[in-house]
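Colleague: Below you'll find the structure I mean.
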Amino acid sequence: MHTYATDAKDRETIPLWLAALAVAATLFLNYLLKALNFQVPWWIDAPSVMGFYGLLYELFDNLLWRLRFKAIHLSEIPNIRGTWVGIVKSSYDGGTETRGVILYVRQTWSKLSVQAETETSRSFSTMAVVNTSNSPESGLKYEYINEPGTFSVQTMQTHRGTANLRLTPDGATLKGEYYTGRGRQNIGDMVFHKISTQFLTRETALKQANYPS
């Protein structure tokens, strides 16, 4: 996975809160050890502020950021991780439509990767932006590299492209457009529906989305 940009304000505030909690946890541990009259062996490093910060950061980065308690959430960043299935309409060869495209989004609070799969090619993201619902550009933007499969048409070559997908308010649909760079120069529309927060096999995802596998 790679890092991604966002307009979420918690990218600025969360590290400060985690640092404060790390200091508090260190002070509490030292107080507890003294109260219990427990001497840490010389060959064991007592947890430090940086140690607690690292543990808290890993916990928040991988889990806490995406927890929702009704209207309360710890991060403004949309949680789009999971398996998506959809349709891509392209300007290639006068206009084509590819159904049953699988989009895998792996995401933590700080990192992300997007991988799209069809029967003839696979693409993966190289950089991305995830904006909140407060932004006029809410959703996912990313640049990708597309690699043709073994049985793709001869005219299909490895190429770069950019996708701009807007997230619906219910978080269930990504809809937008893409365009490719030099060598392909195609444009098109894409729409994906979230099938699962888990990462399903292609066959399972298509079955759940009622697409022929």
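Read the figures in this text as sums done on the coordinates, not as results from a lab. Given the structure is predicted, the values throughout are model-derived calculations rather than measurements. Reconstructed Cβ throughout: ideal geometry from the backbone, glycine too, with neighbour counts over all protein chains shown.
Colleague: Counting other beta carbons within 10 Å of each residue's own, what order do 38, 28 fall into, fewest first?
Modeller: The fewest-first ordering by Cβ neighbours comes to 38, 28.
Colleague: Please give me, ordered by residue number, the GluC sites (Glu not before Pro) of the stretch 52-130 that lie in loop per DSSP and have at most 15 other Cβ atoms within 10 Å.
Modeller: 119
Colleague: If you don't mind, another one. Once you have the Cα-Cα distance between residue 158 and residue 126, take 0.36 nm times their residue separation minus that, and quote the gain in nm to one decimal.
Modeller: Value of the extension gain: 10.1 nm.
Colleague: Helix-only estimate, please: 222 nm mean residue ellipticity of the chain, summing -39500 (n - 2.57) across DSSP H runs of length 4 or more and dividing by its residues, to the nearest 500.
Modeller: Here the helix-only value at 222 nm equals -7500 deg cm²/dmol.
Colleague: In addition: For the chain, take the longest principal axis of its alpha carbons; what is the angle in degrees between that and the long axis of helix 10-35, to the nearest 10 within 0 to 90?
Modeller: 30 degrees
Colleague: If you don't mind, there's one more thing I want to ask. Using Cα-Cα distances under 8 Å and only pairs 6 or more residues apart, what relative contact order does the stretch 7-73 have, in percent?
Modeller: Working: 25 pairs, mean separation 25.2, N = 67.
Taking the mean separation of contacting Cα pairs over the length of the stretch 7-73, I get 38 percent.
Colleague: Which residue, 91, 75, 113, tops the fluctuation ranking in a GNM of the chain built on C-alpha contacts under 10 Å?
Modeller: Checking each option, the largest mean-square fluctuation is seen for 91.
Colleague: Given R₀ = 35 Å, what would the calculated FRET efficiency be for residue 13 paired with residue 168, taking r from the Cβ atoms and rounding to 0.05?
Modeller: 0.85
Colleague: At most 14 other Cβ atoms within 10 Å and a DSSP loop assignment: could you name the chymotrypsin sites (Phe, Trp or Tyr not before Pro) in the stretch 59-159 that fit?
Modeller: Listed in order of number, the matching sites are 151.
Colleague: For an R0 of 30 angstrom, estimate the FRET efficiency from the Cβ-Cβ distance between residue 137 and residue 87 and round to the nearest 0.05.
Modeller: Values: r = 22 Å, r/R0 = 0.75.
Efficiency for this residue pair is about 0.85.
Colleague: Ignoring the sites themselves, what is the longest stretch of the chain with no trypsin sites (Lys or Arg not before Pro) in a DSSP loop and at most 16 other beta-carbon atoms within 10 Å?
Modeller: 71-181
Colleague: Compute the distribution of all C-alpha to C-alpha distances in the chain, in bins of 5 Å from 0, and list the percent of pairs in each, rounded to whole numbers.
Modeller: It works out to 1, 6, 12, 16, 15, 12, 9, 7, 6, 5, 4, 3, 2, 1, 0, 0, in whole percents.
Colleague: A further question on this structure: Would you kindly calculate the translational diffusion coefficient of the stretch 7-73, applying Stokes-Einstein with the Kirkwood radius from alpha carbon pairs, for 4 °C and a viscosity of 1.567 mPa s, and quote it in µm² s⁻¹ without decimals?
Modeller: So the translational diffusion coefficient is about 94 µm²/s.
Colleague: Using only Cα atoms, tell me the angle between helix 49-62 and the longest principal axis of the chain; keep it within 0 to 90° and round to the nearest 10.
Modeller: The answer is roughly 30 degrees.
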